[in-house]
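The next block holds one structure in the form of structure tokens; read it before the comments.
The values are calculated or read from the model by the stated rules, or taken from the named source; none is laboratory data. Predicted, not measured: the structure shown is a model, and the values here were computed from it. Cβ placement follows ideal geometry from the backbone for every residue including glycine, while neighbour counts extend to all protein chains displayed. These accessible areas exclude ligands, DNA and RNA; they are computed on the full protein's heavy atoms, side chains included. Shrake-Rupley method; radii C 1.70, N 1.55, O 1.52, S 1.80 Å.
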Amino acid sequence: GRLYGTTEIGGANDLGTLFVVDTNGQPVDLYSFTGAGDGAYPYAALIQGADGNFYGTTLAGGTHGSGTVFHMTPNGSVSGVYSFTGGSNGGNPFAALAQGTDGSLFGVTYFGGAYGYGTLFKVSTNGAFNLLHPFTGVADGAYADAALVQGADENFYGVASGGGAHWDVGDRAHWDGTVFRMAADGTVTSLYSFTGGNDGSSPDAALVQGIDGSFYGVTSYGGTNLNGTLFRITTNGVLTTLHAFAGGSDGATAYGSLLQLSDGNLYGTTAYGGAYNDGTVFRITPGGTLTILAWFDGYNGANPESALVQGSDGALYGTTLSGGVNGNGTIFRVTVSVSQVAPVFQTVAQTNGTFMLTWSALPGQRFQLQYCSDLAWGNWNELGGVLTAGGSTVTASDVMGSTSQRFYRVQLLP
């Protein structure tokens, strides 16, 4: 139930730290980076591996000064896993890692590679490194600074802040960027090139796969108001702009990836905009209806650039780049009211006395299927045990005689 994180600077050597904080707001420094084999300046979030340990990246330090992959135990013992050379294998990773179903750690570097535009790589938790793909700066993209995400099809999906069919390397506001898919063997397919127009440009945050199978993300520039966009993209590359930030009360310039909660909505932050131009916390429906949940005013923090996480208490937690009492950023909590989505029967099929019932769901929701023979009685019986949704639907069966009559209902459990 505790929250683990990084600071890019500060600590004993001013090279960044690793910390843990409980939901009551009591942070504890776990480790200060030295710049040696452990690395320096951890810019990205940590991930917790299947082994219970944490893994992350630093954008500098290490044996060659070009960044590292590191390992941390829950009590704060840190060791270097791999040091980037800055050459063909890449250098200066800004993004968090993603652990694949095979247990390997997959990631991106911002620089290096055969063309100087960064790389895609795989490294084992023991440090065995594999270069998967060097970015070329064209269709596949350039300068990726967001984590990969492994989709339900076991391919990896990501964004690059530069490159693509419309890239203007000389104009940072029109870097445009791409969305791509990568197979586990490193084969890369370009899914979409941003134009810098209404669709946005410069995606700097990791994608998130929604319960509908599509991916959702943000761009930090472009859109109708040049303040970035929120978008949905299918696995086939069909992109829909959900919202263009106006730069006023709705916010501007989103750098953090989105988070989908059990209500089916997506939650995120903008680094600017809002009542004080210090950023916002927002909710957006999959259909594109945006609601502002909180504004930053400098005292409670300013300029959040990282993703939100949901704590074990159901609240949302995050960090700001600046603001707070000392001006060095804050850890904040936003309490949200998440309404559960009621299940709806979708199909009922009967074969040789066996009924298959399917209803809508959100991942993690718990259900109890019930039946009765006569609605007038009002006596409902439980059919089987509690079912937990693993996707957008749940299916259950019932065996009954061909002359029987039954009514069914589903209870959504807390």
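At most 14 other Cβ atoms within 10 Å plus a DSSP loop assignment makes a site exposed; report the longest stretch of the chain without any exposed trypsin sites (Lys or Arg not before Pro). After excluding every exposed loop site, the longest remaining stretch is 3-405. Stretched out straight at 0.36 nm per residue, the stretch from ALA184 to ASP22 would grow longer than its current Cα-Cα span by 54.7 nm.
Out of the total accessible area of the chain (probe 1.4 Å, heavy atoms of protein only), what percent is carbon and sulfur?
Details: 8490 of 17380 Å².
Ligands and nucleic acids excluded, carbon and sulfur give 49 percent.
Counting only protein heavy atoms and using a 1.4 Å probe, the accessible area of GLU8 comes to about 70 Å². Its relative contact order, with pairs defined as Cα atoms under 8 Å and 6+ residues apart, puts the chain at 6 percent. Taking 0.36 nm per residue of separation and subtracting the current Cα-Cα distance, fully stretching the chain between SER79 and ASN236 would add 52.5 nm.
Rolling a 1.4 angstrom probe over the protein heavy atoms with all chains in place gives the range 359-409 an accessible area of 55 Å² per residue. A crude spin-label estimate for the pair GLN411 and ALA50, with each label 7 Å from Cα along the Cβ direction, gives 3.6 nm.
How much length would be gained if the chain were fully extended between THR351 and TRP380, taking 0.36 nm per residue of separation minus their Cα-Cα distance, in nm to one decimal? Could the numbers behind the result be given before it?
Values: separation 29, 0.36 × 29 = 10.44 nm, distance 2.37 nm.
Roughly 8.1 nm would be gained on extension.
As a rough guide to protection, the peptides 387-394, 113-120 ranked by mean Cβ packing within 10 Å, highest first, stand as 113-120, 387-394. Please state the shape class of the chain: rounded when a/c is under 1.5, otherwise prolate if a/b exceeds b/c and oblate if not, all from the C-alpha gyration tensor. In terms of gyration-tensor shape, prolate.
In this rough spin-label picture, where each label sits 7 Å from Cα along the Cβ direction, the ASN300-SER404 distance is 5.5 nm.
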